[in-house]
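Below is one structure; the comments refer to it alone.
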Amino acid sequence: MFVSCPREGCPLLKHINISWCLNINDDGINALVEGCTKITDFICKGCHQLTDAGLSLLAECCPCLQVLNLHSCMNVGDNGMGSIGDNCPDLETLCLSSCSFITDLTLVSVGQGCANLTTLEVAGCTQLTDAGFQVLARNCHLLERMDLEECVLITDVTLSHLAINCHRMSNLSLSHCELLTDDGISHLGSSMCVTDCLTVLELDNCPLITDSSLEYLMMAQNLQRIELYDCQLITRAGIRRLRNRLPDIKVHAYFAPVTPPASVGGGRQRYCRCCTIL
């Protein structure tokens, strides 16, 4: 009933959300999109039976697609996204987070076919590299929001290309991108996106980032929030200098309490103040 009713009765359907409908497969998508060719927003998070075949049908039948959310669609890969790149030039928002089969081929397809892209979420897509983001950045100059959390293979090269090409970037998540260094942040710091647009920067669990990165961000006058959890080389002094320059910024960081040394000479034992003695 799900597929027959929209197909026969809703030819003007533009928005559909079938997230976590675990029994919907490619056949259902086929039945839907054959009659609903005006869909612009397609949200199907967690639809594990959707494959490249169904995604290709969506792309071919719904060329006006603007929003596509495939979060946790674990059987979607580069072939299906290739069809999106070939057929959906108006795409603006794309979420592929936790789509583990996605590789640089997807970034190339999207970069070459979806120049209007403004939002890209690829958190947990661990096969993506600098090469793919280079193509994407060179073609998608309107990007404003990117979630690259746990894109563990990217390096400072990716940040360099984003800094050069994506001057509208306002929200950038780089958490758990453990190969990034201060050099990458320096590229961002000298770019138009930082000085004019950047409002949120997430750098949680970037172990090579130091206080130098905070110095590079001093010119980010619009920066409202920065995440620095588990950045072990960031110091309180560095954060203090950043706040002096940007007094309204919200800095989220964590510093493990210092454990006092063991007492000498058999004196009273000392405990870390954060611990509770049971």
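Values in this text are rule-based calculations from the coordinates and carry no lab data. As the structure is a prediction and not an experimental result, all values here were calculated from the model. Backbone-built Cβ (ideal geometry, glycine too); neighbour counts: all protein chains shown.
Before moving on, here are some points about what is shown:
- Overall dimensions of the chain, expressed as equivalent-ellipsoid semi-axes from the Cα gyration tensor (√(5λ), whole Å, largest first), are 42, 23, 15.
- The chain: angle of helix 130-139 to the longest principal axis, Cα-based, in degrees nearest 10: 60 degrees
- On Cα atoms only, tilt of 104-113 relative to the major axis of the chain in degrees: 60 degrees
- For segment 143-186, average projected area of the Cα convex hull in nm²: 2.7 nm²
- The Cα atoms of segment 1-95 define a convex hull whose projected area, averaged across directions, is 4.9 nm².
- Put simply, the amide H of C125, placed in the peptide plane, has neighbours under 5 Å in S98, leaving out anything fewer than 5 places away on its chain.
- Length-normalised contact order of segment 143-257 in % [C-alpha pairs under 8 Å, at least 6 apart]: 22 percent
- Under the combined filter of DSSP loop state and at most 16 neighbouring Cβ atoms within 10 Å, segment 128-233 retains these chymotrypsin sites (Phe, Trp or Tyr not before Pro): Y229.
- Full-stretch length increase - S190, W20 - with 0.36 nm per residue and alpha-carbon distance subtracted: 57.0 nm
- Cα gyration tensor shape of segment 44-141, rounded if a/c is under 1.5, else prolate or oblate by comparing a/b with b/c: oblate
- Additional length obtainable on full extension of the chain from E60 to N222, 0.36 nm per residue less Cα span: 54.3 nm
- Stretch gain in nm, segment R245-N79, where the contour uses 0.36 nm per residue and the Cα spacing is subtracted: 55.0 nm
- 0 to 90° range, to nearest 10: angle between helix 156-165 axis and the chain longest Cα axis: 60 degrees
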